[in-house]
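S.K.: Sending over a structure as structure tokens; questions will come in a sec.
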Amino acid sequence: MSLFLRPQHYRRFAAIFCVFALATTLSAAPAPDPSLTLFNGTSLLGWNAHGTWSASGGTLTSNGTGSRNVLTAVPFADFNLQFEYFESAPTGAKLRVWASRENNGGLTIDLDTNDAPAGVGGIETISISSIKTVTSAWHRVQVDASHGQMTVRVDGLPLGSASGLGSRAGYMGFEASGNGILQLRNIKLNPLNIGSPFNGTDLSGWKSIARSPNAKGGLGHSVEKTFTMGIGGGSTKPHEAKWSVRGGAIHGEDGPGGLEYSNMAEDAVIQLVASVKGDTKKDNFTSLLLRNTSGQLAGGYAVGIGPYAGGIEHLENHAFGTAETQVNETIVIGGRTIEIWINGTLTTVHTDSRPESGNSEQGARTAAGSITLLLPSSSVQLDVQKFNATILPKVYGAPAHAPPPPPPVVQPVAQPVTTAPVPTAPSPAETAILQQQQTAAKKDATDQQNKQRVATLMGQALATSDPQQQMNAYGQVVQIDPSNTAAVQGYKEAQQKVQAQQDAQVKASTSAVSQQQDTQTREQQTSASLSQAQSSFLSGHLAAASTALAVAERLSPSNPLAHDLRARISAAQSLRSRLFFLGSGAGLLALVGIVTLWLRRRKMQRFPVLEITRGLDSGLTLPLDKDAVRIGAVMQDGGQKNDIVIRDVEHAVSRFHCEIVKRDGQLYINDLNSSNGTRLNGTSIKPGSPELLRKGSRILLANTVELRFGYDRGAKTGN
């Protein structure tokens with residue numbers, strides 16, 4: 001047999017080698033890192049810092065004096081946390097997990113490299129570490145918290161552990177109190193035990209939500225355009241998208257419509273992989289609705305998915321990705337903050353600081369709601385290959401529990417010698433069992449008392465209609481049993497009622513003040529109009545007197561001075577008419593003079609104007625020289641422009657707040673769905689319902705800027 005290979009053998013060998021090398025490369029390729037990067041190395045994005053903290057060069061540094069801490073902006077439940085830390089000198093460094101938003105409660109893990117109370121890596125009050133001191137160098141820490149158990153490893157050594165912790169959630173952070181320098185880097189967190197509402201085979205637990213007829217506005221798109229294919233005006237019947245399972249993925253087409261998950265959620269961790277096919281543009285904003293109104297496609301936050309990942313409609317803009325590309329996205333919503341990671345990188349942090357509202361387009365929505373996939377248009381298709389979600393328990397910062405003390409060792413007691421049978425002393429094992437039984441009985445009695453107390457408080461809460469009393473009762477129940485969801489929900493509802501009552505009182509007080517101001521303004525305008533009418537009458541200008549008097553009569557119909565002056569003007573006009581018909585040459589000359597004066601006045605033309613009576617530009621007069629004049633806080637945004645730009649100190653005026661349009665020779669004002677509303681003569685204007693403007697009408701924008709509508713005279717231009 002020849003030891004040399006022929007040319008065709010070389011080719012076969014090369015082909016086999018390439019296939020083998022490719023297979024080896026694919027099998028050796030590392031799996032994608034499921035962790036979320038909590039610290040980007042350059043800024044405090046995603047953190048709330050108290051005290052001296054800075055970020056640069058990949059390191060989070062605390063260099064100061066006194067107590068200082070830094071906390072994540074959103075909460076987590078079960079997790080795997082990894083990071084590295086360095087102390088130049090003892091700083092009392094600690095890691096706090098599952099804390100409240102105010103950095104209270106939860107579990108505290110000691111990191112101080114020199115004589116930490118619980119030892120390096122120890123869990124305070126629960127688990128003491130055997131290591132008290134380590135060198136001043138970079139140390140790697142890993143914390144695993146899953147199904148009520150926790151393990152802390154420092155440089156690979158298991159130093160702290162705990163069990164029986166129950167279901168917990170909260171915020172993560174670091175603390176320091178000494179004068180040394182604490183540095184942190186490579187902070188990553190992997191959420192664990194996230195449930196899967198989608199089983200991969202059918203849509204059990206989900207329901208289709210139709211787009212309501214004549215929907216106005218909307219989430220994920222402009223309903224006025226998208227739902228009517230650009231025609232506008234809404235539809236007369238609801239429309240449902242088609243939802244199915246294709247290739248193990250949720251598939252949606254023939255929108256608009258939504259697919260709602262049956263469970264309600266306030267705070268949650270959601271991981272999904274989604275792609276969108278079709279016309280990816282702003283109006284087709286495909287999204288996941290959080291805290292949404294159940295059974296509707298409105299009210300919640302619209303968080304973009306697929307190519308729209310990283311955006312939050314109306315709140316956070318984000319560059320659109322490539323259509324049909326699968327996007328791995330993690331969304332965490334906690335309190336007023338929403339954070340979004342794309343492929344483990346934090347891209348969006350939005351904290352909604354607006355006043356609370358039932359609709360996220362108008363304010364911060366903090367109440368629980370549904371989780372809904374939104375397909376905005378028939379021109380796109382949605383595929384969700386992965387959908388995992390964990391609804392976080394709302395009790396954050398629950399205190400740690402100290403380990404139970406070991407049972408005491410019972411020493412046998414010597415018995416005197418006697419001929420009578422002596423009872424045998426219980427063994428240590430029997431004594432331990434007896435103590436366990438006594439402890440269990442005591443716990444059962446305490447649990448029974450708590451149950452009775454909870455039942456009594458729940459009954460009191462249901463029996464009263466006073467929301468403040470309901471808050472007190474539900475609050476005591478939550479203190480006894482933090483996992484009582486009915487009490488937690490009842491407390492929140494009662495709190496909302498109390499807030500609603502307070503808001504109603506404030507609104508009533510504001511309305512009373514506004515009415516009083518309206519009355520004073522009306523009296524001032526009536527007095528000014530009467531004075532002008534009297535002056536014009538005494539000067540012989542009967543038309544001007546009649547016009548000014550008409551304003552006073554409209555403002556105050558029962559004013560006796562107005563009635564008397566109207567009689568005098570009518571008598572003078574009647575006398576002038578008789579003189580006109582019976583006059584002599586002098587009368588004719590007077591008539592010619594009157595006609596000349598009239599012709600001169602006819603050359604004058606009234607122009608509608610707005611006068612700013614309250615605000616930064618008070619006293620400024622703005623002409624309404626178009627059939628449609630738009631008013632807002634910016635000159636231009638995208639393809640939209642304002643004709644009049646209003647400045648205000650509080651920045652409460654919306655970018656495109658309202659518009660004044662001319663119809664059939666009259667002017668109307670229309671609110672453009674502004675954030676803080678438009679009031680006409682003290683009454684709120686509904687968006688899309690134009691109101692007629694009259695001379696002297698008062699327009700209040702966002703309760704900060706007041707305009708007065710009127711007319712200005714000037715010489716006519718043209719014929």
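The values are calculated or read from the model by the stated rules, or taken from the named source; none is laboratory data. The model shown is predicted, which means the values in this text are computed figures rather than measured ones. Methodologically, a virtual Cβ is constructed for each residue, glycine included, from the backbone with ideal geometry; neighbour enumeration extends over all protein chains shown. Surface accessibility is based on the protein's heavy atoms, side chains included, excluding ligands, DNA and RNA. Shrake-Rupley method; radii C 1.70, N 1.55, O 1.52, S 1.80 Å.
S.K.: Can you tell me the length gained on complete extension of the stretch TYR711 to GLN517, counting 0.36 nm per residue apart and subtracting the Cα distance?
M.R.: Answer, rounded to one decimal: 67.5 nm.
S.K.: Mind ranking 261-273, 452-464 by how tightly packed they are, going by the mean number of other C-beta atoms within 10 angstrom, highest first?
M.R.: Per-residue mean Cβ counts within 10 Å order the peptides as 261-273, 452-464.
S.K.: Something else now. Figure the gain on full extension for SER294 and ALA550 (residue separation times 0.36 nm, minus the Cα-Cα span) and round it to one decimal in nm.
M.R.: Difference between extended and current length: 86.8 nm.
S.K.: Measuring from a point 7 Å past the Cα of ARG140 along Cα-to-C-beta, which residues in the stretch 79-98 have an amide N at less than 11 Å?
M.R.: Only 83-84 fall inside the zone, counting backbone N under 11 Å.
S.K.: Taking only pairs that are 8 or more places apart or on different chains, how many Lys pairs in the stretch 569-719 have Cα atoms under 19 angstrom apart?
M.R.: 8
S.K.: Here's another thing I want to ask about it. Quick check of the Kirkwood formula: for the stretch 28-159, what is the inverse mean of 1/r over all pairs of different Cα atoms, in Å?
M.R.: Kirkwood radius, the stretch 28-159: 15.8 Å.
S.K.: So if each residue of separation counts as 0.36 nm, and I subtract the Cα-Cα distance between GLN448 and HIS651, what length gain in nm does that give?
M.R.: 67.5 nm
S.K.: ³J(HN,Hα) across the stretch 99-116 via Karplus (A = 6.51, B = -1.76, C = 1.60, θ = phi - 60°), whole Hz, x for Gly/Pro?
M.R.: 3J(HN,Hα) across the stretch 99-116, in whole Hz: 8, 6, 4, 8, 6, 10, x, x, 10, 10, 10, 6, 10, 4, 7, 9, 6, 5.
S.K.: Quick check: pseudo-label points 7 Å beyond the Cα along Cα→Cβ at ARG606 and SER539, how many nm apart are they?
M.R.: Computed distance between label sites ARG606 and SER539 equals 1.7 nm.
S.K.: Still on this structure: Name the residues of the stretch 544-565 whose amide N is less than 20 Å from a point 7 angstrom out from the Cα of LEU579 along the C-beta direction?
M.R.: Answer for the stretch 544-565: 544-547, 565.
S.K.: Work through the residues other than SER360 whose Cβ is under 13 Å from its Cβ and net out their charges, Lys, Arg +1 and Asp, Glu -1.
M.R.: Here the count lands on -1.
S.K.: Within 10 Å, count the other beta carbons around each residue, average over each peptide in 482-488, 501-507, and list them highest first.
M.R.: Result, highest mean first: 482-488, 501-507.
S.K.: Which whole-number percent is the relative contact order of the stretch 522-564 (Cα, under 8 Å, 6+ apart)?
M.R.: Worked out over the stretch 522-564, it gives 43 percent.
S.K.: Sticking with this structure for a sec: Of LYS207/LYS386; LYS282/LYS386; LYS237/LYS282; LYS188/LYS492; LYS188/LYS282, which sit over 22 Å apart, Cα to Cα?
M.R.: Violating the 22 Å limit, Cα to Cα: LYS282/LYS386; LYS237/LYS282; LYS188/LYS492; LYS188/LYS282.
S.K.: For the stretch 649-719 and the stretch 254-277, write down the distance between their C-alpha centroids in whole Å.
M.R.: 40
S.K.: Would you list, by chain and number, the lysines whose Cα falls below 17 Å from the Cα of LYS281, excluding same-chain residues fewer than 8 positions away?
M.R.: Here the lysines satisfying the reach criterion relative to LYS281 are LYS225.
S.K.: Another question, if that's okay. Once the Cβ-Cβ distance between ASP503 and THR125 is put in as r, and R0 is 30 Å, what FRET efficiency do you end up with, to the nearest 0.05?
M.R.: 0.10
S.K.: Starting from the Cα of LEU589, step 7 Å along the direction of its Cβ; do the same at ARG336; then give the gap between the two resulting points in nm.
M.R.: In this crude label model, LEU589 to ARG336 measures out at 7.9 nm.
S.K.: Whole Å is fine, so just give me how far the alpha carbon centre of the stretch 459-523 lies from that of the stretch 356-386.
M.R.: So the separation of the two Cα centres works out to 28 Å.
S.K.: Let me ask something else about it. Separation between the SER570 and ALA89 pseudo-spin-labels, each 7 Å from Cα along Cα→Cβ, expressed in nm?
M.R.: According to this spin-label approximation, the distance is 9.6 nm.
S.K.: Same structure, new question: Can you tell me the relative contact order of the stretch 626-702? Whole percent, Cα pairs under 8 Å, sequence separation 6 or more.
M.R.: In percent, rounded to a whole number, it is 24.
S.K.: Would you mind getting me the FRET efficiency between ASP617 and LEU561? Use the beta-carbon distance for r and R0 = 30 Å, nearest 0.05.
M.R.: 0.25
S.K.: Can you pull the accessible area of PHE607 for me, 1.4 Å probe, Å² to the nearest 10?
M.R.: 90
S.K.: Using R₀ = 35 Å, calculate the FRET efficiency as 1/(1 + (r/R₀)^6) where r is the Cβ-Cβ separation of LEU157 and ILE194; round to 0.05.
M.R.: So, using R0 = 35 Å, E works out to roughly 0.75.
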